[in-house]
Structure formats: structure tokens, C-alpha cells
Amino acid sequence: MDAKTFDKSRLPSRHVTEGPSRAPHRSYYYAMGLEEEQIHRPLVGVVSCWNEAAPCNIALMRQAQSAKVGVDEAGGTPREFCTITVTDGIAMGHQGMKASLVSREVIADSIELTMRGHCYDALVGVAGCDKSLPGMMMAMLRLNVPSVFMYGGSILPGKFHGKDVTVVDVFEAVGQYSAGKMSADELHELECVACPSAGSCGGQFTANTMACVSEAIGLALPGSAGAPAPYESRDVYALESGKAVMRLLADGLRPRDIATRKAFENAAMIVAASGGSTNAALHLPAMAHEAGIEFDLFDVAEIFKRTPYIADLKPGGKYVAKDVFDIGGVPQILKALLEGGYLHGDCITVTGRTLAQNLEKVKFNEDQKVVYPVSKALSPTGGVVGLKGSLAPDGAIVKVAGMKNLKFRGPARCFECEEDAFAAVEARDYAEGDVIVIRYEGPRGGPGMREMLSTTAALYGQGVGDSVALITDGRFSGGTRGFCIGHVGPEAAVGGPIGLIKDGDIISIDAEKGTLDVELSKEELDARAKAWKAPANPYQSGALRKYAELVGPARNGAVTHAGGKAEVVCYADI
């Protein structure tokens with residue numbers, strides 16, 4: 001393809017490159033070293049979340065350079081830019097985590113504004129951290145210009161005493177140390193070897209879950225989510241992603257043509273099948289919202305319920321992302337689901353072919369124990385379960401992958417923030433059988449809907465992960481395991497039932513039936529609701545104040561604008 005392949009009169013970049021009135025605009029491109037022919041090509045944004053905040057991001061700029069080469073070779077002019085990330089592993093367990101979910105919106109908004117401001121015609125996005133993956137795909141669906149997403153790759157597993165480890169092992173080791181089960185020297189030894197390379201956390205935590213989603217939903221090239229970040233094969237995928245976006249531009253195939261309702265169902269299936277992060281139940285509705293598709297927590301949970309759990313991945317299982325890559329990558333999970341009759345194989349993808357066509361030459365690898373065929377599923381229903389009941393009228397979510405007991409009943413132990421709960425856990429100030437409640441941590445009440453990995457990992461490290469339950473209107477990390485229920489809605493800050501319960505109230509959880517109840521009469525809950533007063537938000541300025549004022553409920557993805565349904569003019573058609 002070359003510039004003659006594309007009709008610039010129909011592309012957004014015509015507003016900055018064509019005609020005498022755009023001579024001032026073109027002068028800027030000459031200043032950056034572009035030739036006249038390059039200026040009149042389609043302009044393609046190549047965005048990454050490169051930064052030095054965490055290992056998730058440090059390999060992204062390298063891959064972006066390869067994507068730029070692919071765009072150039074296929075007849076486009078790449079324009080590179082970066083956006084932010086907030087890295088959960090470093091933000092975890094303190095006030096910094098309030099910035100995490102907010103960053104998803106900032107990522108999507110900043111990509112939108114860069115694309116709009118400079119009138120780019122297409123987009124290649126490379127992301128590596130938990131919120132940057134959904135944030136980038138949200139931007140693609142919002143803008144609806146031809147787009148290809150690419151995951152930056154997972155970290156290699158660390159080695160500790162002969163076993164593969166991830167950063168979650170370090171979080172759990174903090175609990176072991178506080179319980180006297182690990183020495184300070186051993187904890188230090190573990191922290192020094194757990195993360196040996198660039199890349200995102202290695203288990204089936206949020207980043208790798210959303211990477212699987214990118215292939216299942218059709219926005220990424222087949223196999224591109226697999227290779228660890230240090231592997232040079234990632235650069236080949238980046239090159240091909242650059243070429244692919246130019247084919248999409250020539251063919252007029254856009255993200256909303258690809259990410260249909262059925263494609264979102266495929267995405268939810270791979271989350272359930274892989275025992276993926278509960279955060280997917282937040283991010284999939286938010287992505288669907290950008291495309292004007294109704295797909296809330298209950299829609300996601302319904303698909304989770306009917307999808308078998310087939311991938312034995314950490315934190316509930318044995319293996320990490322590199323093991324999936326070694327046996328053939330994400331296409332192995334998709335092939336097992338397709339052959340089992342679960343996927344919608346007729347969904348179109350960024351290759352221009354359907355999902356089933358992409359998988360035609362993939363042979364399921366029988367000589368491995370990482371991914372099982374549907375006929376030998378680890379369990380008949382997905383590794384993530386939706387809940388609803390008197391404590392969660394708007395739903396909640398729990399990761400059951402690897403759990404044996406799916407029922408729990410016990411007295412509430414209430415905390416008004418994560419710090420108070422963590423202090424009690426660290427001091428072992430709880431009883432086995434308790435249901436620890438952490439509230440006022442929802443999207444609005446936090447604000448920011450913090451993850452609670454530090455607290456849950458400490459419980460597991462202390463050896464009580466199966467004898468204590470934890471519920472919150474906040475979130476749990478994709479690395480969380482045990483009876484930990486998040487996204488409880490309505491959240492406490494808007495008067496939801498989680499804000500009305502008291503110490504000693506009996507909470508009943510049944511992940512088999514999908515219920516979450518507090519054993520109180522409706523009359524008692526109504527009386528408490530009348531006496532309840534909303535606490536003041538201590539964040540009265542800045543981004544957190546703005547977010548708290550705009551954000552909606554977790555059930556719908558904790559989104560901050562009206563979405564694709566309210567759209568009048570699509571950016572791609574300006």
C-alpha cells in the first residue's frame with residue numbers, strides 16, 4: 001500500500017495536511033523531518049504507556065518503534081506519543097491506590113484528546129499495566145478509527161527455593177512474616193528475585209486477563225498476547241500490528257465492527273475459562289459502554305456461570321503466563337473453547353478474518369497440563385462468579401478458581417477503610433469465621449475503588465485464607481485468592497446495604513447459588529437507612545474530586561461519561 005491507496009478527503013488528517021489553508025500546519029511536520037509525501041499519507045497514532053514507574057511499562061517504547069516501522073512500510077506515517085499509567089503493585093496498600101482506576105479514564109481521555117487534536121486517522125496501542133489495557137481499548141472503541149491493540153508482554157517468573165514465584169508471593173510473604181512463618185532475611189531474598197525482568201505481573205492477574213480479552217474480542221493479532229516482554233518475538237508482532245492497522249484503514253474496518261455484543265461474550269468467556277481477574281467484570285462493561293452496547297456486571301456474570309474453567313493459572317492454579325506461551329499461547333485457550341462449542345466463531349477480528357478462521361490451523365496441544373479441553377474442565381462453571389442479594393442488590397463478584405468451599409457464613413467485622421482493616425489483620429485482631437467488611441472504598445466513596453491485595457494476601461500468608469471471608473465495595477487485585485468479594489453495589493457512599501451493616505450481623509455467601517445476603521429483615525435495613533448519613537468526601541479538589549463527582553456505579557463499569565449511545569458525531573467521521 002502507498003499514499004495513493006487512501007482517499008485523504010475522507011480521513012480526519014485532511015484537516016491538518018490538505019489545501020493551502022493548512023500550510024502553517026504542514027510547516028510543523030517539516031520541522032520534525034517529514035518529507036512532503038509522508039505528510040500526505042494517512043497519519044497513524046502509535047501510543048504506548050511507556051514510563052519508568054514499573055517493569056510493566058519499560059519494554060513498551062521498544063515495541064512501539066517496531067509498530068512504527070510496520071505502519072511506515074504499509075504506507076502510513078506513524079506519530080508516536082505516550083500516555084500515563086498508575087502501577088497497582090506500587091500503588092497497593094496505601095492512598096496511591098485511589099489513583100489506579102481513575103487512571104483508566106485518564107488514559108482513555110488522553111488518547112482521545114491527542115487523536116482528536118492532531119486528527120490522526122488510525123491507532124496502534126501498546127499497553128502493559130492493569131488499567132492501561134482496558135483504558136487503551138476504551139479509547140479505540142470511543143474514537144472508532146481503525147485500531148490494533150497489542151499487549152506489551154508478561155514478566156518472566158522469578159525463582160525462589162526452586163519454585164516459580166510472582167509478586168503475589170511477595171505480598172503473601174508479608175503475611176507469613178507477620179505470622180512468624182518467614183524470617184526477615186527470607187522475605188528480603190524473595191523480594192529480590194520475584195520480578196526478574198520487564199513485563200506485567202506473571203499470573204492470570206488483571207493485565208494478563210485483559211491481554212487474553214484483547215485476542216478473544218478481536219482487537220489484537222492472534223498470538224500477540226503470549227510472548228513475555230523481553231522476547232524479541234514481541235517486536236515482530238508489533239511490526240505486524242503496524243501493518244495490520246493500515247489494512248484495516250484501507251478496508252474501512254473499525255473497532256465497533258469488531259467488538260460486537262457477541263465479541264464481548266467471547267471476551268467474558270476467556271476470562272471465566274482462564275480463572276481471570278474479577279476486574280474484568282468492571283472493564284468489560286466500561287469497554288462496551290464506549291461502543292454503545294449494554295453489557296453490565298450481570299451480563300458478564302451470566303456468561304461466567306455457563307463457561308467451564310479450563311486453564312490452571314495462578315493465583316488459584318499452578319502456572320503463569322509464560323507457561324501459556326510455551327504451550328501455544330492464548331489461541332490454545334480459544335481453540336479449546338471453540339471446539340467445546342462455546343465461542344462465537346463468526347466474529348470478525350483485526351486480521352479481517354473471523355475468530356474461527358484465525359484458529360483453523362491451530363491444533364490443540366494435548367501434551368501439557370496448563371490448559372485442558374472442555375471435556376476435562378477443572379470445573380463446569382467459570383473461575384469467576386457473580387453474586388446478588390440483600391447485601392448486594394446491584395451485584396458483586398468473587399473469584400472462585402482453585403477454591404473448594406463455595407459457601408461461607410459468619411459475623412461481620414466492619415472497617416471504614418482498607419488501612420484500618422490491614423492494621424487489624426497485621427495484628428491478628430480477628431477471629432476465624434469472621435467476614436471482614438471494608439467499605440467506603442467504592443468508585444465514589446473511595447474515591448477510586450481501591451484494590452485490597454495487601455489485606456487479602458496478608459490473610460493468606462497467615463494461613464487463614466480459607467477460614468476468613470472479606471467483602472468490599474472496592475476491588476480486589478487479579479492476584480487475590482480466597483473468599484474475597486468485591487464490587488459490592490450499591491456502594492456504601494450512596495447508602496448501599498454494605499454501609500448499613502454492623503459488627504456481628506450475620507453475612508451469608510453462596511457462590512454456588514450466586515447469593516450474598518445479610519441476615520436482617522427489610523424493616524431493620526430500612527430503619528438503618530433512614531438513620532444513615534453520607535460521610536464527607538475529604539478530597540475536595542483535584543482529579544479525585546472530579547472523579548467522585550462524575551463516576552457511576554461499578555455494575556456499569558464505573559464510567560464517567562454518557563458513552564457511545566449518546567454519541568452524535570463519531571470522531572472517525574469528522
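General observations
- Region 480-495 versus region 505-574: alpha-carbon centroid distance in Å: 10
- Reachable lysines, given that their alpha-carbon falls under 18 Å from the alpha-carbon of residue 407 and they are not under 8 places away in the same chain: 305, 388, 399, 513
- Net dipole in debye of region 1-139 [+1 Lys, Arg Cβ; -1 Asp, Glu Cβ; about Cα centre; nearest 20]: 240
- The Cys residues in the chain with no partner Cys Cβ within less than 4.7 Å of their Cβ are 49, 82, 119, 192, 195, 201, 212, 347, 414, 417, 484, 570.
- Order by protection proxy (mean Cβ within 10 Å, highest first), peptides 249-260, 489-500: 489-500, 249-260
- Spatially proximal lysines relative to residue 163 (Cα-Cα < 23 Å; intrachain offsets below 8 disregarded): 181, 314, 318, 322, 369
- Centre-to-centre separation between the Cα atoms of region 48-92 and those of region 312-330: 24 Å.
- Less than 5 angstrom separates the built amide H of residue 44 from those of 77, 79, 121, all sequence-distant by 5 or more or on a different chain.
- Of the trypsin sites (Lys or Arg not before Pro) in region 508-574, the ones in a loop by DSSP (not H, G, I, E or B) with at most 11 other beta carbons within 10 Å are 533.
- Phi to ³J(HN,Hα) by Karplus 6.51 cos²θ - 1.76 cosθ + 1.60 over region 367-384, Hz, x for Gly, Pro: 9, 6, 10, 8, 10, 9, x, 4, 5, 10, 4, 5, 7, x, 10, x, x, 10
- Spatial offset of region 127-193 relative to region 266-288 amounts to 18 Å, using the alpha carbon center of each.
- Taking the C-alpha atoms only, the angle from helix 206-216 to the longest principal axis of the chain is near 50 degrees.
- Computed with every protein chain present, the accessible area of residue 477 is close to 10 Å² [probe 1.4 Å].
- Charge dipole magnitude, Cβ of K and R +1, D and E -1 - region 263-357, Cα centre, debye nearest 20: 360
- Nonpolar atom fraction for the chain, defined as the carbon and sulfur part of the 1.4 Å probe accessible area, stands at 52 percent.
- Probe 1.4 Å - accessible area at residue 94, Å² to nearest ten: 80
- Taking all protein chains as they are arranged and a probe of 1.4 Å, the heavy atoms of residue 82 leave approximately 60 Å² accessible to solvent.
- Under 5 Å, built H, 5+ apart or other chain: amide partners of residue 505: 412
- Nearest-20 debye value, region 416-515 charge dipole, Cβ charges on Lys, Arg, Asp, Glu: 300
- With the Kirkwood sum run over all distinct C-alpha pairs, region 146-213 has a hydrodynamic radius of 13.2 Å.
The values are calculated or read from the model by the stated rules, or taken from the named source; none is laboratory data. Just so it is clear, the structure is predicted and the values come from calculations on it, not from any experiment. Quick reminder, even Gly has a Cβ in these numbers, built from the backbone with ideal geometry, and neighbours come from all protein chains shown. SASA here: full protein model, heavy atoms, side chains in, ligands and nucleic acids out. Shrake-Rupley method; radii C 1.70, N 1.55, O 1.52, S 1.80 Å.
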